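Peer 1: One structure is given below, represented as structure tokens, and several questions about it will come after.
Just so it is clear, none of the values below were taken in a lab; they were calculated from the coordinates. Computed from a predicted structure; not experimentally measured. As a convention, Cβ positions derive from the backbone with ideal geometry for all residues, glycine included, and neighbour counts pool all protein chains shown.
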Amino acid sequence: MSFLLAQIELRDRTGGTDSCVLENGFCPTWIRENLSEYVEPTQRHLELVVSSVALGFAIAFLLALLAHRRRFLVGPITGATGVLYTIPSLALFALLLPITGFGFLPALLALSGYNLLVIFRNVMAGLDNVPAEAKDAALGMGLTENQVLRRVELPLAIPEIVAGLRIATTTTVGLAALAFIAGAGGLGGQILTDPNFKSNIVVAGGLCVVMAILLDLLLVVAERVASPWKRATA
């Protein structure tokens, strides 16, 4: 929507009498009266973030497990995911739109692709940093390699894995704002509709910041729950 149309819409909302709105200022009254308009975009934004991080984690995690057993795959996988990571988001949306059309799917694929490199590297780092003594002790107790992976390596790699998830999640909250261009909705629609209106930017941008902080805290709690051994040694 053009700036002129956005201004007309704002005048309609306020009856054309609120000078703060007409001057694109920071308007607490307007924010209070229009806060409900951000509920659906916030829910859509959260859906985009959670879905893309979950899909990216599933793919990157499987690739990391494969590369952990077949080390020659580390380089090619890192290179391929690195190429995806360097593609500008707008360009990636443009490449996907002719194939997927507008909507949720191109945003999901693009945002998931950006998560692969960070999560893959962190999973690999976590597995590689498991002490050899712990693995040798587990093998000496009669555990198979798969059992060592499940019972020893993955639990000890949780801090690095969660660190990768935290980076991917907070980054995706910001990138998801551009998903509006692909027709996926989210808070980006509120921001880009009228980027000159300070109240709109403060509310939509603030909601993105709060979402990133809350999701990060949730992952921190999840890490502590999943690694009680770490709390015991703290």
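Peer 1: Among the numbered conditions (1) surrounded by 16 or more Cβ atoms within 10 Å (Cβ to Cβ); (2) within 15 Å of the chain's Cα centre (by Cα), tell me where A67 comes up short.
Peer 2: Result: A67 fails condition (2) only.
Peer 1: May I pose another question? Would you mind telling me which numbered condition in (1) of a type outside the set (D, E); (2) closer than 30 Å to A91 by Cβ; (3) crowded, with 21+ Cβ neighbours inside 10 Å G126 fails?
Peer 2: (2)
Peer 1: Yes or no: L143 among the aliphatic types (A, V, I, L, M) and under 17 Å from A58 (Cα atoms)?
Peer 2: No, not satisfied.
Peer 1: Inside the range 129-206, counting only helices (runs of 4 or more DSSP H) that do not spill past its ends, which hold 3 or more residues that are under 22 Å from the mean Cα position of the chain (by Cα)? Steps first, answer last, please.
Peer 2: On the way: elements: 132-140, 145-148, 158-175, 187-193.
Hits in the range 129-206: 158-175, 187-193.
Peer 1: Give the residue, chosen from T78, T86, that is exposed (fewer than 12 other Cβ atoms within 10 Å of the Cβ), under 21 Å from the mean Cα position of the chain (by Cα) and not aromatic (F, W, Y).
Peer 2: Details: T78 fails: exposed (fewer than 12 other Cβ atoms within 10 Å of the Cβ).
Of the residues listed, the single one that is exposed (fewer than 12 other Cβ atoms within 10 Å of the Cβ), under 21 Å from the mean Cα position of the chain (by Cα) and not aromatic (F, W, Y) is T86.
Peer 1: Same structure again: Starting from the range 26-45, take each residue that is under 16 Å from K198 (Cβ atoms) and list its partners that are of a type in the set (G, A, S) and part of a helix (DSSP H, G or I), counting only C-beta distances under 6 angstrom and pairs at least six apart or across chains.
Peer 2: F26/S199; C27/S199; W30/S199; I31/S199
Peer 1: Sticking with this one: Is there a residue in the range 103-115 that is in a helix (DSSP H, G or I), more than 13 Å from A182 (Cβ to Cβ) and of a type outside the set (G, A, S)?
Peer 2: Checked against the condition, which is being in a helix (DSSP H, G or I), more than 13 Å from A182 (Cβ to Cβ) and of a type outside the set (G, A, S), the range 103-115 yields at least one hit.
Peer 1: If you go through the range 133-146 one residue at a time, do you hit one that is over 30 Å from P88 (Cα atoms) and buried (at least 18 other Cβ atoms within 10 Å of the Cβ)? It would help to see each step written out before you state the result.
Peer 2: Of all residues in the range 133-146, those over 30 Å from P88 (Cα atoms) come to 133-146.
Remaining after also requiring buried (at least 18 other Cβ atoms within 10 Å of the Cβ): 138.
Checked against the condition, which is being over 30 Å from P88 (Cα atoms) and buried (at least 18 other Cβ atoms within 10 Å of the Cβ), the range 133-146 yields at least one hit.
Peer 1: Select from the range 65-95 the residues that are polar (S, T, N, Q) and under 13 Å from M124 (Cα atoms) and list them in ascending order.
Peer 2: Our first condition is that a residue be polar (S, T, N, Q); within the range 65-95, this holds for 78, 81, 86, 89.
Answer for the range 65-95, where residues must be polar (S, T, N, Q) and under 13 Å from M124 (Cα atoms): just T78.
Peer 1: For the range 185-201, check the following and say yes or no: at least one residue is surrounded by 19 or more Cβ atoms within 10 Å (Cβ to Cβ), hydroxyl-bearing (S, T, Y) and either over 29 Å from L84 (Cβ atoms) or touching a Pro at 6+ places or on another chain (Cβ under 9 Å) (or both). Step through it out loud before you land on a result.
Peer 2: Kept after step one, since they are surrounded by 19 or more Cβ atoms within 10 Å (Cβ to Cβ), are these residues of the range 185-201: 185-191, 194, 197, 199-200.
Add one more test, that the residue is hydroxyl-bearing (S, T, Y), and what stays is 199.
In the following step, the residues that additionally are either over 29 Å from L84 (Cβ atoms) or touching a Pro at 6+ places or on another chain (Cβ under 9 Å) (or both) were identified as 199.
Taking every residue of the range 185-201 in turn, at least one turns out to be surrounded by 19 or more Cβ atoms within 10 Å (Cβ to Cβ), hydroxyl-bearing (S, T, Y) and either over 29 Å from L84 (Cβ atoms) or touching a Pro at 6+ places or on another chain (Cβ under 9 Å) (or both).
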